[in-house]
1. Just the residues that are closer than 21 Å to Thr123 by Cα and either surrounded by fewer than 24 Cβ atoms within 10 Å (Cβ to Cβ) or out of contact with any Gly (no Cβ under 8 Å at 6 or more places or on another chain) (or both), please, taken from the range 291-301.
2. If you go through the range 245-283, how many residues are closer than 23 Å to Leu336 by Cα and not in a loop (DSSP other than H, G, I, E, B)?
3. Looking only at the range 175-194, decide whether some residue is in contact with a helix residue (DSSP H, G or I) (Cβ under 7 Å, 6 or more places away or on another chain), closer than 19 Å to Val300 by Cβ and among the polar types (S, T, N, Q).
4. Quick one: which residue in Glu283, Glu367, Glu375, Glu343 is of a type in the set (D, E, K, R) and crowded, with 23+ Cβ neighbours inside 10 Å?
5. Which condition number does Leu51 fail, the rest of (1) touching a His at 6+ places or on another chain (Cβ under 6 Å); (2) at pLDDT below 95; (3) under 25 Å from Ser280 (Cβ atoms) being met?
6. Could you give me the residue pairs with C-beta distances under 8 Å whose first residue belongs to the range 253-270 and is within 23 Å of Glu219 (Cα to Cα), whose second residue is polar (S, T, N, Q) wherever it lies, and which are 6+ apart or on separate chains?
7. Output the residue which, of all residues in the range 337-368 that are among the small types (Gly, Ala, Ser) and in contact (Cβ under 8 Å) with a residue 12 or more places away in the chain, is nearest to Glu198 (Cα to Cα).
8. For the range 213-238: of the residues being surrounded by 22 or more Cβ atoms within 10 Å (Cβ to Cβ) and in a loop (DSSP other than H, G, I, E, B), which is nearest to the chain's Cα centre (by Cα)?
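The values are calculated or read from the model by the stated rules, or taken from the named source; none is laboratory data. In this text the structure is predicted, and so the values were computed from the model without any measurement. Methodologically, a virtual Cβ is constructed for each residue, glycine included, from the backbone with ideal geometry; neighbour enumeration extends over all protein chains shown.
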Amino acid sequence: MRIGITCYPTYGGSGVVATELGIELAARGHEVHFISYSQPFRLSGRDNGILYHEVPVSSYPLFEFPPYDLALASRMAEVAEFYKLDLLHVHYAIPHSVSALLARQMLAARGIRLPFVTTLHGTDITLVGLDPSYLPITRFSIEQSDAVTAISEDLRRSTVESFSITKPIEVIYNFVNCDLYHRGIGSPEERLEFAKPEERLLVHLSNFRPVKRVTDVIEIFDRVQKKIPSRLLMMGDGPDRRAAERLAWEKGIHCKIHFLGKQDHIHEKLALADLLLLPSEMESFGLAALEGMACEVVPVASGVGGLPEVITDGVDGYYCRVGDVDGMAARAIEVLGDDAKLEAMRKHARHTAQERFCTTKIIPKYEALYRGLLERRS
């Protein structure tokens, strides 16, 4: 199949999932075309069978805010016609599903059929889509999609309830490449760059937006390091990084925390850690938790959104109430202070990733969805 994929190419869950999906589809022999304003950051070095098409946006002074959605629709239609795409798969409803709808209509006028799939990732529904300015167009674009998927049952349910959606929404979970994400890629020598042999290593991975509650990560770690010798890796960047750095200085623990910024090969760092902190206010799925679990890193997270669909509390990780830094610290101390418990939970975490969320389980579901659309077309 020839598949066009549009996503936000930035450091966030929807862009990561869309990019990894394209990589996996290309590895299975499909022709994948990414259409966006810049190249997705995870494409570098693993882009065989993938073409990237940049969307030029006019800087004409009349436009205070350049109409990216219109430029994207034009580029989608253009790429689809030139390369004879079978379908489009857009990630994040606003504005991508609207642009795909316009592209479909443009090509239909010339006798070309171009179905599109919309995958909902979370904040496109729970934050942006519910804004009164966007709610009607978000609902319309979802209903007009040829197929709609959501990354968790929680997100599917909230979408149906919030938007009164009548169109069926299929849940296809996020996924992880278990051949790439695994414990064996991290060596003791690499770990020594961040922690001494007798220290535990904790990690947080996000885009450092307010919803990720990165200052809670610092608060939790502060409590943990007082009981257990440990260090913390902070991977990612965003608006709340300065607040986290400042809090670490105020508490006098900055020397125990490594702010690494954005990382291209996060699996290599994740595989060094013992425990992952994810105290988010909202997580429609929790991709960071899953990637950690594949690397045998035990997640301690908030029990919100889709996270309880990923983590079995007390078996392959823990979850607590949002803002319960004492509870999360207690769970972290409990598992980090017990070698046997930590080892057992590591193995359970890896097993969960392999059996439920590995690419070999999830990618065929997208392929089946695509084939179903194309069969209806013929």
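1. Glu291
2. 17
3. no
4. Matching residue, one of Glu283, Glu367, Glu375, Glu343: Glu283.
5. For Leu51, the failing item is (3).
6. The qualifying pairs are Ile253/Gln225; Lys256/Gln225; Lys256/Ser230; Lys269/Gln263.
7. Gly337
8. Gly236
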